[in-house]
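Asker: Structure incoming, see below.
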Amino acid sequence: MASRDQNDDVDDNVDPAARPTRRILSVDEKLDILARYESCAPGTKGEFARREGVYSSQLTEWRRARDAGTLGARTSRRSRAEDREIEKLTKKNQRLEDELERTRLALDIVGKAHALLEKLSKSADNE
């Protein structure tokens, strides 16, 4: 028996504002819903979509993916934040590689200048 609060109302500890859980459909379920949707008579497709709890935009997306052969393909689950982080790190990597190349060139130039100064110093000592 359900408990009752002080106003004699049933207290069943159900949060009316609880977020619903997202329904995740498998590829087979999507293909099944899509086939049944396409077999509906004109004028009854909207009712079918409401009954199944799917939006027409979902059905359009599934149809395009099916026709392109990508409905069963795994899609990337990266978020926009991850994409931004990857882009940021790629730019930083490129900047550091450019800086490393400049440093190597500068060291090469300094090494050649040092070798030249040594030759000049030895030739000055010989004279």
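Asker: Between Arg104 and Ala73, take the C-beta separation as r, use R0 = 41 Å, and let me know the FRET efficiency to the nearest 0.05.
Answerer: Efficiency, from the Cβ-Cβ distance: 0.40.
Asker: Run the numbers for Arg66 and Leu117: contour at 0.36 nm per residue of separation, minus the present Cα-Cα distance, in nm.
Answerer: 11.2 nm is the gain from fully extending Arg66 to Leu117.
Asker: In addition: Stretched out fully, how many nm does the piece from Arg84 to Asp28 gain, at 0.36 nm a residue minus the Cα gap?
Answerer: 16.8 nm
Asker: Using a 1.4 Å probe on the protein chains only, how many percent of the accessible area of region 63-113 belongs to carbon and sulfur?
Answerer: Its accessible area is 53 percent carbon and sulfur atoms.
Asker: While we're on this one: Among Gly43, Leu107, Ser57, which residue has its Cα positioned farthest towards the positive end of the charge dipole of region 38-127, with +1 placed on the Cβ of Lys and Arg, -1 on the Cβ of Asp and Glu, and the dipole taken about the Cα centre?
Answerer: Value: Gly43.
Asker: I would also like to ask the following. Would you calculate the separation in nanometres between label points at Glu38 and Tyr55, each defined as 7 Å from the Cα along the Cα-to-beta-carbon direction?
Answerer: 2.2 nm
Asker: Read phi for every residue in region 46-57 and hand back ³J(HN,Hα) as whole Hz from Karplus 6.51 cos²θ - 1.76 cosθ + 1.60, θ = phi - 60°, with x for Gly and Pro.
Answerer: Here the 3J(HN,Hα) series is x, 5, 4, 4, 5, 5, 7, x, 10, 8, 5, 5 Hz.
The values are calculated or read from the model by the stated rules, or taken from the named source; none is laboratory data. Because the structure is a prediction, the values reported are computed rather than measured. Backbone-built Cβ (ideal geometry, glycine too); neighbour counts: all protein chains shown. We work out accessible area using only protein heavy atoms, side chains counted, and drop any ligands, DNA or RNA first. Shrake-Rupley method; radii C 1.70, N 1.55, O 1.52, S 1.80 Å.
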